[in-house]
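Remarks on the structure that follows.
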Amino acid sequence: MAAAFPDIPLYRGWGAPLRVESDIRDLELVQGEVPSELSGTLYRCGPDRQYPPMVKDDIFIDGEGMAHMFRFQNGHVDYRSRWVRNERFVLQERARRSLFGRYRNRYTNDPSVAGKSMGTANTNAVWHGRKLLILKEDSLPVEVDPHTLETRGDWNFSGAVKAVSLTAHPKLDLHRNELLMFSYQARGDCTRDFAFYIADADGKIVHEAWFEMPYPGMVHDFAVTDTHIIAPFFPLITDMAVLKQGGPFYQWHPDKQSHFAVLPRRGPASEIRWFHGPAVSAGHMMNAFNEGSQLHLDVCLYQGNCFDFFPSFDGSPFKPAPPLLTRLTFDLTGKYDGYEAKLLLQSPCEMPKCDDRYTGKPYRYGYAICRSPTARAGEMGFGAIGRIDHRTGALTTWTPGENCGVHEPNFVVRPGAPEGEGYLLVIVNRFAENRSDLAVLDAARLGDGPVALLKLPIRVRSTFHGMWVPERALATGTYTA
């Protein structure tokens, strides 16, 4: 039977599956000039649909992985996209149809793929230990060629990672050339096992710690400081009985608390300090840092459930809550097991970043997708890129224009320069033209608009996360902070 996608909002307009691998040499420059110092590659990853889904209530975070790269060299920018041809993709390619059912629910899959990996490899791209890894928290990383994006295969760090999956949000320490990672439900669906790993500059696992989570929940992102990690546990919980009935992988439990595990970076699980609070949620962390005996975590916090497609366990209706940049403070010396929360920004924002040299350190500037100043009242309007000055509280924004959208910004470090001196690379959705642009922004002068704007004749449908890899790091495997 020929492929036919359902006529649902998810697959209309910009969301229509693209299903195309592309090569474009020399993107057209439509504004400004590409800085000559930009030499390296922007890697991004996001979901697309290989075949029509098996279920009607498909969600946008599902779909097979498409890897993207923008290579900068001598003022030229080339673009390439390729499917991540992991086990799931290859099985469906042979069958010429979807074989995996509801998001992460193996009990809704076609019987022919029983016991096979459901991993979609659709969330992030990270270069470390001379390997380009495509990440999705439902499975182990997939290695792809950093020059061609051709798939090489699953990667478990030479057998050192015993967890069944790894986060899509590892933290890269540019000063130590370490990659800090974790796994939740680390021994399989509905288990309460949490594993933490550190890989050195060569990609060798040099530290691990295991402990038990409060419940088998979702841990999409975490944070690190120079001395500790902070793992948040929000009450989006997996229930095996619900899975076996064909239900959603997560359900929201507003009756349960949120929990935060604070653990020394290289300490044993016995040294965890637990902190507790109300039922809140978050997808992404901007940064965390030490201040004396206190740890500060800056997070885009939702006062409730952040995912409208994961229902409440009791059937109560979804209550929208905007993501507000909030600082949570944990005191490591006191006996209090709660935390302080301070609102940092009134305007909603998501996909937060910082100057990567300051990950885990006191910092001044953060960057995020935020609400456009021209958005109509009552709209979330995530159509702008913002720079937050934590010292003054000022928010500076850049908006690509009407009827446009933006992807997560990626910071380009300028070695030796002060904090915030660098570039932001941003994919822009041109909805009316059904195509994309790549904007190069001066991170310190965001309001001035693009230093360079490059036109793509095609649509980059969706990317979640990615990173900039300087040419030197691509060649040597190490970073310079």
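Throughout, read-outs are computed from the coordinates displayed, never taken from laboratory work. Please read these numbers as outputs of a predicted model, since none were measured by experiment. Positions of Cβ are backbone-derived with ideal geometry, glycine not excepted, and every protein chain shown enters the neighbour counts.
A protection proxy built from the mean count of other Cβ atoms within 10 Å ranks the segments 168-180, 322-334, most packed first, as 168-180, 322-334. Over region 406-466, the pair-distance histogram of Cα-Cα distances with 5 Å bins from zero comes to 4, 20, 24, 22, 17, 8, 3, 2, 0 percent, rounded to whole numbers. With a simple spin-label model that places each label point 7 Å from the Cα along the Cα-to-Cβ direction, the separation between Thr148 and Leu343 comes to 5.4 nm.
Dividing the C-alpha radius of gyration of region 367-463 by 2.2 N^0.38 Å, with N its residue count, gives 1.08. Gain on full extension, evaluated as 0.36 nm per residue between Arg435 and Asn74 minus their Cα-Cα distance, stands at 127.5 nm. Couplings 3J(HN,Hα) for region 129-142, derived from phi with the Karplus relation 6.51 cos²θ - 1.76 cosθ + 1.60 (θ = phi - 60°), are x, 6, 9, 9, 10, 9, 10, 8, 5, 8, 7, 7, x, 10 Hz, where x marks Gly and Pro. Once backbone amide H atoms are built at 1.01 Å from N, His228 has Arg265 as its partners under 5 Å, excluding neighbours fewer than 5 places away on the same chain. For the chain, the Cys residues with no second cysteine's beta carbon closer than 4.7 Å are Cys45, Cys190, Cys300, Cys306, Cys354, Cys404.
Taking label positions 7 Å along the Cα-Cβ direction at both Met54 and Thr480, the computed distance is 5.1 nm, reported to one decimal.
Listed by chain and number, the lysines whose C-alpha is less than 16 Å from the C-alpha of Lys361, apart from same-chain residues fewer than 8 away, are Lys171, Lys353. Descending by average beta-carbon neighbour count within 10 Å, the peptides 268-274, 346-352 line up as 346-352, 268-274, the highest first. Once divided by 2.2 N^0.38 Å, the Cα radius of gyration of region 250-403 becomes 1.14. Could you list the residues of region 95-134 with an amide nitrogen less than 17 Å from a label point located 7 Å from the Cα of Ala4 in the Cα-to-C-beta direction? What the label zone holds, given the 17 Å backbone N cut-off, is 97-98. Taking Lys and Arg as +1 and Asp and Glu as -1, the other residues whose beta-carbon sits under 10 Å from that of Arg435 total +1. Hydrodynamic analysis of region 124-234 uses the Kirkwood radius over alpha carbon pairs. Inserted into Stokes-Einstein at 25 °C and 0.890 mPa s, it gives a translational diffusion coefficient of 173 µm²/s. Sorted on the mean count of surrounding Cβ atoms within 10 Å across their residues, most packed first, peptides 208-214, 23-29 read 208-214, 23-29. Under 16 Å from a point placed 7 Å out from the Cα of Val90 along the Cα-to-Cβ direction: which residues of region 150-166 have their backbone N that close? Zone members listed by number: 150-156. Label positions at Arg130 and Asp202, each projected 7 Å from the Cα along the C-beta direction, are separated by 1.0 nm.
Which of the trypsin sites (Lys or Arg not before Pro) found in region 28-93 are loop residues per DSSP with 16 or fewer other Cβ atoms within 10 Å of their Cβ? Counting only loop positions with at most 16 other Cβ atoms within 10 Å, the trypsin sites (Lys or Arg not before Pro) in region 28-93 are Lys56. Working out 0.36 nm times the residue gap between Glu271 and Asp314, then minus their Cα-Cα distance, what length gain in nm do you get to one decimal? Length gained between Glu271 and Asp314: 11.9 nm.
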